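Peer 1: For reference, the structure I am asking about is given below.
Nothing in this text is a laboratory measurement; each read-out follows from the coordinates by a stated rule. As the structure is a prediction and not an experimental result, all values here were calculated from the model. Virtual Cβ from ideal backbone geometry, glycine too; neighbours counted across all protein chains shown.
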Amino acid sequence: MKWEGNRQSDNVEDRRRSGSGAGAGTGRGGGGGLLGGRSIGLGTIVLALVGWGVFGINPLTTISLLSGGSAPPTQAQVQGQSIPKDDKQAAFVATVLASTEDVWTQVFKQGGANYQVPKLVLFRGSTPTACGMGQSAMGPFYCPGDRKVYLDMEFFDTMSRQLGAPGEFARAYVIAHEVGHHVQTLLGATAKVDSQRGRISQREQNALSVRLELQADCYAGIWTRHSQQAKNWLNQSDIESALNAASQIGDDTLQQKQTGTVRPDAFTHGSSAQRVRWFTQGMNSASVQACDTFSISAQQL
């Protein structure tokens, strides 16, 4: 991925040196999970499966707590800093974020709307958000309450070493997926899903979550197509690394690795095949309309 030398976003908030991580991380009981405002992240199912396999906690309980508990939201008060100039990994994140800004600004403009760019927060350990206390164990996530993407970059090492998803563009896909959740917030999809919380069963809520996550994958594919057209910064191996990442973080693959069994009713992000399919759908179509995961049957997903 030929990313160096491209524009870097100014919307990266670096909290890694703020001291919020270590102290908050030792007090999980007080901060809770991401309670209150719904957080949406790639790591939710990972944490749920770890809780299931190691501690015997029902993953549905974990997912419910992480994505829709009843505790009041906690507003972030940590003052972020600009990223160091010699931090290559942070520069990579800022470059990818800048590209998502360029792409979605243009896509929204073509649709007659203005794109409101999100902030991306780098942190270590834990950090307060408008959705409650964010933890590294949750993986990258987006909080609609403050419209920020949260990322502990140690997750990139987890992707390579534990999830079998190495590569720079695999990491870029993760960022683009979380930005996809921001696009959903702007377009109203997130609010529609959240409006059903408490009105439907947990299984039905999980099914809606899958549609939301697959749409974010599709939006990541749209960004891939447009960014490649603008920058020509990818080769085939880059695309394959993103497809591999989408496959490795499918619910069925994670469940199989962790427990040796697959439970479709517990899916919250979609199967490996579904995640690959919808990322590819966005990349091939470059169309927001082609990413409508809510108007089709479960069999068509």
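Peer 1: Between S18 and D265, what is the label-point separation in nm under the 7 Å Cα-to-beta-carbon projection?
Peer 2: Calculated label separation equals 4.1 nm.
Peer 1: Which FRET efficiency value, to the nearest 0.05, is calculated for R225 and Q196 with the Förster distance at 25 angstrom and r the Cβ-Cβ distance? Before the final figure, lay out the partial values.
Peer 2: Values: r = 31 Å, r/R0 = 1.24.
With R0 = 25 Å, the Cβ-Cβ based efficiency is 0.20.
Peer 1: Another question, if that's okay. Karplus couplings for region 211-228 from phi (6.51 cos²θ - 1.76 cosθ + 1.60, θ = phi - 60°), rounded to Hz, Gly and Pro as x?
Peer 2: So the Karplus estimates, Gly and Pro as x, are 5, 5, 5, 5, 5, 5, 4, 4, 5, 4, x, 4, 4, 4, 4, 5, 5, 5 Hz.
Peer 1: Follow-up. What shape does region 178-254 have by the C-alpha gyration tensor, where a ≥ b ≥ c are the square roots of the eigenvalues, rounded means a/c under 1.5, and otherwise prolate means a/b greater than b/c and oblate the rest?
Peer 2: Numbers: a/c = 5.09, a/b = 1.71, b/c = 2.98.
Oblate shape, in that a/c is at least 1.5 and b/c is the bigger or equal ratio.
Peer 1: Next question. Taking the Cβ-Cβ separation of R203 and Q300 as r and a Förster radius of 25 Å, what is the calculated FRET efficiency to the nearest 0.05?
Peer 2: For R0 = 25 Å, the calculated efficiency reads 0.85.
Peer 1: Could you give the length gained by full extension between K109 and A290, i.e. 0.36 nm per residue of separation minus their alpha carbon distance, to one decimal place? It would help to have the intermediate numbers written out before the result.
Peer 2: On the way: separation 181, 0.36 × 181 = 65.16 nm, distance 1.77 nm.
Between K109 and A290, full extension yields an extra 63.4 nm.
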